[in-house]
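Values in this text are rule-based calculations from the coordinates and carry no lab data. Values in this document were obtained by computation on a predicted structure and should not be read as measured data. Reconstructed Cβ throughout: ideal geometry from the backbone, glycine too, with neighbour counts over all protein chains shown.
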Amino acid sequence: MTPLRRFLLPAFFAAVLGVLHSTAPASARDQAPVIAAASDLQFAVEEIAAAFTAETGMRVRLAMGSTGNFARQIREGAPFEIFMAADEQFIADLHAEGLTRDAGDLYAIGRLVIMVPHGSMLQADPSLDHLAELLAAGRITRFAIANPEHAPYGMRAREALAARGLWDDLQPTLVLGENVSQAAQFALSGNADGGIIAWSLALAPQVARRGEYALIPEDLHAPLRQRMALLNGAGPVAEAFYAFLLAPEARAIMARHGFTLPEE
C-alpha cells in the first residue's frame, strides 16, 4: 500500500526542507561557497558556520537536504563545494566517479531515536516493544521515517524496524519524509503517532519541547558513519571551512548535538 504523505508544514521546520541557508548578507552571497549538508546536521552545522564566520570573517551558505538527493545533484553538476553526507558510501561512490578531491574524512557517527509527540498513545520505548504492541492491536495509524530510497536515516530506520520484525506490518501506516528533518516534522505534527528521526534533531530545544524520545540500540541497524569531502572546484573559503570542521571547536559542537566523534 502506498505510504501516506499528507501533512502541513509547521513554521518551526520550514527552514529544514532543503532550502538554502546563508550566514552571509545578500551582498556577500555570490562569494560564499555552498555546502551541501545532510539534514540531520541542521542545528549543528549552523552553529559551526556561525563560529567559522566569527573566527575568520569568511562566510558559507548551507543547503540542507537528503544525502541521496544531494549525490544525484552533484552528478548533475550542482555547484556545491563541500558535501557532508549522512552515509559514507555516498562519498565513496562519488570519489570513485572522480567527483571529489579525495576519499574525504569521517566527521561523525549519528544515532536514531524514536520520537513521539506529546499526547500520543505511543511511548518513546527504545526497544520498540510498545510500537510492536500497538501495531499488533491496530492502533498505529501514521508513523514517520525519512524515505529509505535516498535518505540514510530512513535506510537505518528501515533496518531497525526490520530487525524487530515490524517493517512489513508498518507499511500501510508509513509517512515518508523527503529527508530526516521532514520526517521529524511529520512525526511531531500531531497527525502521526510518532516516528524515527535523528538524535541530533531531537536534542534541539525547538524540537525536544514538542515530544519525547529514546535512543534506539545501535545493534538494530548498520552504523550511521557520516563522511564529508571537498568537491572538485572547491575554492579557498570552502577549504578553510572544511579544515574548521575537523578542528576542536567544530568537533565540540558536533558532540553537543549528539554526534559521536570518529575516534570515540
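Add +1 for every Lys or Arg and -1 for every Asp or Glu among the other residues with Cβ under 11 Å from the Cβ of His95, and state the total.
Net local charge, His95 excluded: -2.
Computed packing ranks the peptides 39-52, 235-248, 137-150 as 39-52, 137-150, 235-248, most packed first, by mean other Cβ atoms within 10 Å. Once every DSSP H run of n ≥ 4 in the chain is given -39500 (n - 2.57) and the sum is divided by its residues, what mean residue ellipticity at 222 nm do you get, rounded to the nearest 500 deg cm²/dmol? Rounded to the nearest 500, the figure is -9500 deg cm²/dmol. For the stretch 206-264, the spread of Cα positions along the three principal axes, ordered from largest to smallest, is 42, 28, 21 Å.
For the chain, dividing the convex hull volume of the Cα atoms by the residue count gives 123 Å³ per residue. Spin-label model, Arg101/Ala54: points 7 Å from Cα along the beta carbon direction are separated by 2.6 nm.
A simple packing score, the average count of other Cβ atoms within 10 Å per residue, orders the peptides 107-117, 223-233, 174-184 as 174-184, 107-117, 223-233, with the highest score first.
Count Lys and Arg as plus one, Asp and Glu as minus one, and take only other residues whose Cβ is under 12 Å from that of Leu231; the net charge is then -2. Starting from the Cα gyration tensor of the stretch 110-220, take the square roots of the eigenvalues, sort them a ≥ b ≥ c, and report rounded, prolate or oblate (rounded when a/c is under 1.5, otherwise prolate if a/b is larger than b/c, else oblate). Taking the square roots of the gyration eigenvalues as a ≥ b ≥ c, the stretch 110-220 is rounded. 3J(HN,Hα) along the stretch 101-112, derived from phi through the Karplus expression 6.51 cos²θ - 1.76 cosθ + 1.60 where θ = phi - 60°, amounts to 5, 7, 7, x, 9, 6, 10, 6, 10, x, 10, 9 Hz, with x in place of Gly and Pro.
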